[in-house]
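Engineer: Here it is: the structure, laid out below.
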Amino acid sequence: MGAHGTKKRLAKLEARPEPVEIDLSRTALIIVDMQNAFAGRGEGSGFVGPTINGDLIERVKSLVETARTAAIKVVYLKMMKDPERKSKSLIRTVDDTKIVDELSPFSGDIVIHKTWYSGFRGTSLDRILRESHIEHLIFTGVVTNVCVESTLRDSYFLDYLPILISDATNNAGPSFTQLATEWNVESSFGWVTTTGHVLKALSEK
């Protein structure tokens, strides 16, 4: 049993720099900004054009469905409009804020509205995760080198154990920005893995 009376559900996840054992009862899947503005479906256009494509949506969808089956908490982060920072805002309309249809949240999923790059800044995310005794956070979404990395770094500073799924995230800008975030994570903040490894770990339990 875990420290809070919950039965442990341990799974081994292949990752870099080394495999990691996670307790599925204390793990959450974090989906960052998978919304119309970054998929070319709204007025917002991201940093250098749409960063969400069909392949990314399908990978995240498979992760979400498997996480729900494994009774893992699913958390959506949504970038909202911030009138005070118009020059840096990528969100222009309410439609821009909507999660893409293929990944619409289910009842019971957590949806966090944010106006900063990090999902922890000025939100209830930390409180909600702590109330559920979450320890490991598995990160998907966009963009790898901005909102994903910002949220992941803050999670580490708040004593969570972050895992980045390299092929279920997408960067903005040159390809080296994706590689730089992956290097930062595996060398200093947590672990880097793939969709296939996560699906295997979750399905075994």
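Engineer: Hey, Leu137 hits all of (1) at pLDDT below 95; (2) touching a Ser or Thr at 6+ places or on another chain (Cβ under 6 Å); (3) aliphatic (A, V, I, L, M); (4) closer than 26 Å to Thr195 by Cβ but one; which does it fall short on?
Structural biologist: It is condition (1) that Leu137 fails.
Engineer: Okay, moving on. Pick from Asp96, Asp126: which is touching a Phe, Trp or Tyr at 6+ places or on another chain (Cβ under 9 Å), at pLDDT below 95 and more than 17 Å from Thr195 (Cβ to Cβ)?
Structural biologist: Result of the check over Asp96, Asp126: Asp96.
Engineer: Something else: Among the residues that make up segment 66-77, is at least one of them surrounded by 16 or more Cβ atoms within 10 Å (Cβ to Cβ), in contact with a Ser or Thr (Cβ under 9 Å, 6 or more places away or on another chain) and assigned to a helix (DSSP H, G or I)?
Structural biologist: Checking segment 66-77: at least one residue is surrounded by 16 or more Cβ atoms within 10 Å (Cβ to Cβ), in contact with a Ser or Thr (Cβ under 9 Å, 6 or more places away or on another chain) and assigned to a helix (DSSP H, G or I).
Engineer: Just checking, how many residues over segment 162-186 are over 11 Å from the mean Cα position of the chain (by Cα) and of a type in the set (A, V, I, L, M)?
Structural biologist: 4
Engineer: Looking at Ser166, Ser150, can you tell me which residue is over 16 Å from Val74 (Cβ atoms), part of a strand (DSSP E or B) and small (Gly, Ala, Ser)?
Structural biologist: The unique qualifying residue is Ser166.
The values are calculated or read from the model by the stated rules, or taken from the named source; none is laboratory data. Because the structure is predicted, anything quoted here is derived from the model rather than measured. Quick reminder, even Gly has a Cβ in these numbers, built from the backbone with ideal geometry, and neighbours come from all protein chains shown.
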